[in-house]
């Protein structure tokens, strides 16, 4: 592994990093281990882990883009879900894998459940008439650029959500709600996303805005949930007793 | 591919909330409000049972009821009544805040949260002469 460590500013000053390690093949349960990392004021957690690799401490972790675009380095840092490439290292930091998914090793979790659920959700625009010509209004392009296309699916919001405890929870989670909103706002989408969102448990959201707090891109899935709820209420008021009979979503 | 081994035990929500706070990563204000909403709800449930228990003393006759009422006529109980009043107002206003946030998405939840906190405090302070 190549270490992109910046010049060490003060060789004598060192930071302590605590990592929850777990190898399912050899360990019965996870255990904390502490490591010493030289002090560099701009060092991120990813760089600290890479430094430890260079020192022979082979802690398993995921990383790819190093500029909070891929979302693969999400982990619990001091108990808060964050991207390791977006977090400046501090003394006595505690690193854990995301607790929502099975641990493959150390800080690497199995995210297959996310991919499976994304297929189930059909979060891409489903068009009824693909041949029809259309023009995307500028406000839709703006909304996509500013909100919907920015989600990197890092699962930080899923980890922080107290209403969606795991993939089997009644409420899918904030990330899925945001992706549903992305599909719903596409001009070609023909699915009844409000009903789909209702069935996927948006009413269980407790509106704590924890998802917005931990989102590395400052998105607010809780607002999208609130918008879905408002649309569902409005739809029910306009057409009482018919909302549940809408069979457009199959 | 083999099925991924499960993490031995996921810490509970309350555990994670406390741990994060203790480790210096404060939660969002809304998360604390959500926790308080749960706690005040439980307090109200306990109060309701206590209230029914005290009222049920009326079945023992007027004298038993008077004795029970006299037993709870204590400054400490008055203080608890004020606390109860604050709990009821907080729980109601926080519920209203959640409804408002659903209907008016652009509202700032933090301003609403601080507002309801102040409203609860003012309501309790104004009620002191009436309760005491």
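The values are calculated or read from the model by the stated rules, or taken from the named source; none is laboratory data. Computed from a predicted structure; not experimentally measured. For neighbour counting, all protein chains shown are included, and Cβ atoms are generated from backbone atoms with ideal geometry for every residue, glycine included.
Looking for whichever is within 14 Å of chain B (Cβ to nearest Cβ) and either surrounded by 15 or more Cβ atoms within 10 Å (Cβ to Cβ) or modelled with pLDDT of 90 or more (or both) here; the options are A:21, A:33, A:66. Which one fits?
None of the other options fit; the residue is A:21.
Would you be able to say whether some residue in the range A:143-161 is assigned by TED's automatic domain parsing to the domain that holds residue A:33 and touching a helix residue (DSSP H, G or I) at 6+ places or on another chain (Cβ under 7 Å)?
No: the range A:143-161 contains no residue that is assigned by TED's automatic domain parsing to the domain that holds residue A:33 and touching a helix residue (DSSP H, G or I) at 6+ places or on another chain (Cβ under 7 Å).
Could you list, in sequence order, the residues of the range A:81-132 that are within 29 Å of residue A:188 (Cβ to Cβ), free of Cβ contacts under 8 Å to residues at least 60 places away in the same chain and part of a loop (DSSP other than H, G, I, E, B)?
Within the range A:81-132, A:111, A:124, A:130, A:131, A:132 qualify.
Whether any residue in the range B:55-66 is at pLDDT 80 or above, away from chain A (no Cβ under 14 Å) and under 30 Å from residue A:214 (Cα atoms) is what I want to check.
Of all residues in the range B:55-66, those at pLDDT 80 or above come to B:55-66.
With the extra rule that they be away from chain A (no Cβ under 14 Å), the set shrinks to B:55-66.
So of that shortlist, the ones also under 30 Å from residue A:214 (Cα atoms) come out as none.
For the range B:55-66, residues at pLDDT 80 or above, away from chain A (no Cβ under 14 Å) and under 30 Å from residue A:214 (Cα atoms): absent.
Does residue B:76 satisfy the condition of being closer than 28 Å to residue B:128 by Cα, away from chain A (no Cβ under 14 Å), in a helix (DSSP H, G or I) and out of contact with any helix residue (DSSP H, G or I) (no Cβ under 9 Å at 6 or more places or on another chain)?
Against the criterion (closer than 28 Å to residue B:128 by Cα, away from chain A (no Cβ under 14 Å), in a helix (DSSP H, G or I) and out of contact with any helix residue (DSSP H, G or I) (no Cβ under 9 Å at 6 or more places or on another chain)), residue B:76 qualifies.
Just a yes or no: is a residue in the range A:172-185 assigned to a helix (DSSP H, G or I) and touching a strand residue (DSSP E or B) at 6+ places or on another chain (Cβ under 8 Å)? Let's see the steps before the verdict.
The initial filter retains those residues of the range A:172-185 that are assigned to a helix (DSSP H, G or I), namely A:174-184.
Of the ones still in play, those that are also touching a strand residue (DSSP E or B) at 6+ places or on another chain (Cβ under 8 Å) are A:183.
Yes, the range A:172-185 contains a residue that is assigned to a helix (DSSP H, G or I) and touching a strand residue (DSSP E or B) at 6+ places or on another chain (Cβ under 8 Å).
Could you list all residues from the range A:204-228 that are within 19 Å of residue A:170 (Cα to Cα), part of a loop (DSSP other than H, G, I, E, B) and more than 8 Å from chain B (Cβ to nearest Cβ)?
A:205
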